[in-house]
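Okay, structure first, notes after.
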Amino acid sequence: MIEQYLTAYGYWKDTKETFERLCKIDSRMNPKHKDHQAFIDSLDDEEVFYYFEPDEPIMGDRGDFYIYKFKIEGVSNAVHY
């Protein structure tokens, strides 16, 4: 399982206000992952702004906001398979 934290730098598209937020790459975000629904149902981490799938591009348009830069913070309990 992949769990990796990053800091995303972006801006809200409606106000152009910039932000810096903690995000997480987590393999359980993939709908094909065996634990996907249990993971979605258990999300209560208020510190994490956005969750990415491992192969999902980080920079770019996310609907209401745009990410223009990111910094990898570290790997937590990562077992890559």
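Taken across region 10-25, residues that are surrounded by 10 or more Cβ atoms within 10 Å (Cβ to Cβ), in contact with a Pro (Cβ under 8 Å, 6 or more places away or on another chain), free of Cβ contacts under 8 Å to residues at least 40 places away in the same chain and part of a strand (DSSP E or B) do occur, with at least one present.
In region 32-45, the qualifying residues are those that are over 15 Å from Ile2 (Cβ atoms) and part of a loop (DSSP other than H, G, I, E, B), and the one that is modelled with the highest pLDDT is Leu43.
Here's the yes/no breakdown for (1) among the hydrophobic types (A, V, I, L, M, F, W, C); (2) at pLDDT 95 or above; (3) in contact with an Asp or Glu (Cβ under 6 Å, 6 or more places away or on another chain):
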{"residue": "Tyr9", "(1), (2), (3)": "no, yes, yes"}
{"residue": "Phe19", "(1), (2), (3)": "yes, yes, no"}
{"residue": "Ser27", "(1), (2), (3)": "no, no, no"}
{"residue": "Asn30", "(1), (2), (3)": "no, no, yes"}
{"residue": "Glu47", "(1), (2), (3)": "no, no, no"}
{"residue": "Phe65", "(1), (2), (3)": "yes, yes, no"}
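Within 12 Å of the chain's Cα centre (by Cα), in a strand (DSSP E or B) and surrounded by 12 or more Cβ atoms within 10 Å (Cβ to Cβ): is that true of Phe70 in this structure? Taking the combined requirement at face value, the residue satisfies it. Quick check: is even one residue across region 41-56 in contact (Cβ under 8 Å) with a residue 40 or more places away in the chain, of a type in the set (D, E, K, R) and surrounded by 12 or more Cβ atoms within 10 Å (Cβ to Cβ)? No, region 41-56 has no match at all.
The values are calculated or read from the model by the stated rules, or taken from the named source; none is laboratory data. In this text, all values refer to a predicted model and were calculated from it rather than measured experimentally. No Cβ is skipped: glycine too gets one built from the backbone with ideal geometry, and neighbour counts run over all protein chains shown.
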